[in-house]
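Here is the structure we will look at.
What follows draws every value from the coordinates through simple rules; no lab data is involved. Bear in mind that the values here come from a model prediction, so they are computed numbers and not experimental data. Here the Cβ is made from the backbone with ideal geometry for all residues, glycine too, and neighbour counts use every protein chain on show.
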Amino acid sequence: MNINVKYGDITKISTDVIVNAANTSLLGGSGVDGAIHRIGGKQILEECQRIRNSQGKCKVGDAVITTAGNLPAKYVIHTVGPVWNGGNNNEEKLLYNSYKNSLLLAEKNKIETITFPNISTGIYRFPKEKAAKISINAISLFLRDSTYVKKVILVCFDNENYNICEALLSEFE
Ligand code: AR6
């Protein structure tokens, strides 16, 4: 299958696109968002500001694309995952939408490889096992019919996410 799991820092990955776990403001934050803006430089923030000026805030589950500035990737897709609030607030569907809409945007831009972090599993507190299942479902379904997107990498920054994703993917194969 064309989904790989890696352990590491997404700002060091040189696939065509890396995905940012952003917030609705698109103007940066902490976690992976902070790292991407800090290392990617002001070009990313400037493009995010232009997007905000033209379309307003980014809704939860939606995605937008910018340059990757000084990062080794070519583009950054910024998506906003849901905050986990107990599970009865459409969180699972919204997380699925974050993956799907990021992949659709990559496809629209004729992108071949895309790297995701474990969206919403940090500051937004989404349970890791549930989040990993949703990510792998969304990605595998998408790869069945995609024309341009051929390879997806899940980059995990902590052991727990890495072990969960590895185990789920080996069941899948
Ligand atoms: N590379 C890869 N993964 C990372 C990195 C990194 N450099 N840094 C953290 N992670 P989080 P969220 C992992 O909190 O939960 C921000 O302030 C981390 O271990 O970055 O979606 C935004 O502005 C975790 O597994 O994002 C929002 O306000 C995963 O990335 C809010 O946090 C997501 O953790 C979004 O919260």
(message) Which residue fluctuates most in the GNM of the chain (Cα springs below 10 Å): Ile77, Ile18, Ile51?
(response) Ile51
(request) Between Ser25, Ser120, Ser135, find the one with the highest GNM mean-square fluctuation for the chain; connect C-alpha pairs within less than 10 Å. (result) Ser25
(message) Please compute the modelled spin-label separation between Asn85 and Leu104, points set 7 Å along Cα→Cβ, answer in nm with one decimal.
(response) 2.3
(message) Between Ser54 and Tyr148, what is 0.36 nm times their sequence separation minus the Cα-Cα distance? Round to one decimal in nm.
(response) 31.1 nm
(request) Return the subset of Lys59/Lys108; Lys93/Lys128; Lys74/Lys100; Lys12/Lys151; Lys108/Lys151; Lys57/Lys150 for which the Cα-Cα distance in this structure is over 26 Å, preserving the input order. (result) Lys57/Lys150
(request) Note down the nm distance, to one decimal, between modelled labels 7 Å out along Cα→Cβ at Arg125 and at Asn70. (result) 3.5
(message) Counting just the Cα atoms, what span does segment 3-172 cover along each of its three principal axes? Round to the nearest Å and put the largest first.
(response) 42, 34, 29
(request) May I ask for the distance between the Cα centers of segment 1-62 and segment 128-169, given as a whole number of Å? (result) 18
(message) If the elastic network links every pair of Cα atoms under 10 Å, which of Leu154, Leu26, Leu143 fluctuates the most in the Gaussian network model of the chain?
(response) Leu143
(message) Please report the antiparallel percentage of the DSSP beta bridges confined to the chain, to the nearest 5.
(response) 25
